[in-house]
1. For the stretch 502-517, which residues satisfy the criterion of being under 16 Å from Tyr479 (Cα atoms) and assigned to a helix (DSSP H, G or I)?
2. Which count do you get for residues in the stretch 473-510 that are farther than 20 Å from Ala531 by Cα and either of a type in the set (Gly, Ala, Ser) or assigned by TED's automatic domain parsing to the domain that holds Val182 (or both)?
3. Have a look at Asp436, Asp538, Asp520 and point out the one that is surrounded by 14 or more Cβ atoms within 10 Å (Cβ to Cβ) and assigned to a loop (DSSP other than H, G, I, E, B).
4. Among all residue pairs at least 6 apart or on different chains, which show Cβ distances below 9 Å where the first residue, located in the stretch 520-545, is polar (S, T, N, Q) and the second is not in a helix (DSSP H, G or I)?
5. Kindly provide the set of residues from the stretch 396-407 that are surrounded by fewer than 24 Cβ atoms within 10 Å (Cβ to Cβ) and under 16 Å from the mean Cα position of the chain (by Cα), ordered by number.
6. Take the residues of the stretch 139-197 that are crowded, with 24+ Cβ neighbours inside 10 Å, among the small types (Gly, Ala, Ser) and touching a residue at least 60 places away in the same chain (Cβ under 8 Å): which is farthest from Phe11 (Cα to Cα)?
7. From Thr449, Thr424, Thr454, Thr443, grab the single residue that is of a type outside the set (Lys, Arg), closer than 17 Å to Met396 by Cα and free of Cβ contacts under 8 Å to residues at least 12 places away in the same chain.
8. Please name all residue pairs, on different chains or six or more residues apart, with Cβ atoms under 6 Å, provided the first residue is in the stretch 293-308 and is basic (Lys, Arg) and the second residue is surrounded by 16 or more Cβ atoms within 10 Å (Cβ to Cβ).
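The values are calculated or read from the model by the stated rules, or taken from the named source; none is laboratory data. Predicted, not measured: the structure shown is a model, and the values here were computed from it. Don't worry about glycine lacking a Cβ; one is built from the backbone with ideal geometry, like all the others, and counts go over all protein chains shown.
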Amino acid sequence: MKIEEINGDKFKDMIRVASHRIKKNSDFVNSLNVFPVPDGDTGTNMSLTFASGAKAVNENPSNSVGELGKSLAKGLLMGARGNSGVITSQIFRGFTKKIEPQTSISARQLADAFMAGVQTAYKAVMKPVEGTILTVAREGAKAGNKTANETNDITEVLKAVILASKKALANTPNLLPVLKEVGVVDSGGQGLVFIYEGFLEGLTGEVAAKDIYTPDEAEMDEMVNAVHHRAIQGQVATANITYGYCTEMMVNIAKKKADQKTFDYETFRNYLNNLGDSLLVVADDEVVKVHVHTEHPEKVYRYGSQFGVMHKIKIDNMRVQNENVVNEAQAASNKQSKRPQVDYAVIAIASGDGLQQLFESLGVTFVINGGQTMNPSTQDILDAIEQVNAKRVIIMPNNKNIFLSAEQAADVSDISVAVVPTKTISQGMTAMLSFDPAADLNTNKKQMTDALTTVVSGQLTAATRDTELSGLKIKQGDYLGIVDGTIKVANPDRLQAAIQMVETMLDDETEIITIIYGADATSQEAKSLEAAILAKHDDLEIEIHEGDQPVYPFLISAE
């Protein structure tokens, strides 16, 4: 199907289906994490990031691609989670900036937008690394640009983008040795490919050929559900809803009836397009699935019944749905009053009641509940900045995958915000010991950052799969000792793994060991670990705290 223009409705469908596709495949993207530990957030973060963008587009009543693009960029920015989510938001920030003046876009303009997205993303990353999502985005954009010089068919441009992106994705292990060692492709690049595939599905309304898509295709029911997404949101008055019935049907065109008409996709789609909006027609050789918002569901069903056997019929009254949404929005609008304004506030990110109490005892003003496997979004961090109501704010991400989101929040905040690049809970606690409420923001950032070199951070967690990394054979269920981001130990016995990890953390200047046990560990285990350490190193001082953190039975620091 040749398409020469993307209008507002088509653009919305592209975004909605892309959001659904990355969500559906988020677990698979997560599984591509290099380390076999439960921090494979890439798929989750990209899914939640894109869902935020799709929601913003869905809530915009405009039919201008440029105006919808602005909403997409803002939604992605505020919903960005983790490094993969932030980079995704930057790709589409450049993309949407390029199409901002347009009410609709051509194949050439789409290709230019992909190129602009790549340029913006590369600029946003301080040290771009090849073999990542950036490489996949760049190669896809180059192919789209070349194809747009040869044709005005947007579907051909998108196919070229997808095929080149997939080739680049397959090549990522050759660019990043660690990917080849573990036997995976780049997770962020894979996520981007799923998004691009969703664009093509949303644009054409049909599942594309197998040479474009991975074998695990989205089921028709799931795709139709994806494009609905409550197109009528709370800010639209119920009385202003033009098409009030969300109507769905499935027609089995393979079961021939005596008077059955021959199915033609374009004729079928064009007829239904005149009955409402938010139309999606998904078809293969046997089944046609339809989703449309209309005032006349009976006409939709009467027309569909001419082409085959009807089943899976559904009608939802969106006016009733909208009234419920309005009521819920009004109930949620009562916000808590701000705290009295203070000069300084420190925000830390951590998961677990015990860790929250530890940070507050060190002087942290506000703890955002999050961390490994649940990275907060840019909006979450901005909300915390607003809630503390301070003139100056310091943020400690305490996780390398949250740093870019914290930086992005700092960039768009209306007040002065500094981000201290803490990668672990241990680093965050050490940094707080150097915080001086009498010092200016830059001095505090430098002092707290400098303090990070004085602590060695250890994290104990369980392997999620078999692999071999840096010569270390790892079995699923083994306990892994990760020291400053590097897996040092793999052992099926938890206590022994913790003891071995601590041994790798010690040097002649180590004086204090801090053990924080998590939700899956006990105080008795922590005491057994303490005894084992002191049996070999009786000159060390050891502190034990209950952290309640998930994922990691033990967080250990050596100072």
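1. Within the stretch 502-517, Val502, Glu503, Thr504 qualify.
2. So the answer is 3.
3. Asp520
4. Ser523/Tyr517; Ser523/Ile544; Ser523/Glu546
5. Selection gives Lys400, Asn401, Phe403.
6. Step by step, filter the stretch 139-197, then rank; the result is Ser187.
7. Exactly one of Thr449, Thr424, Thr454, Thr443 is of a type outside the set (Lys, Arg), closer than 17 Å to Met396 by Cα and free of Cβ contacts under 8 Å to residues at least 12 places away in the same chain, namely Thr443.
8. Lys299/Leu275
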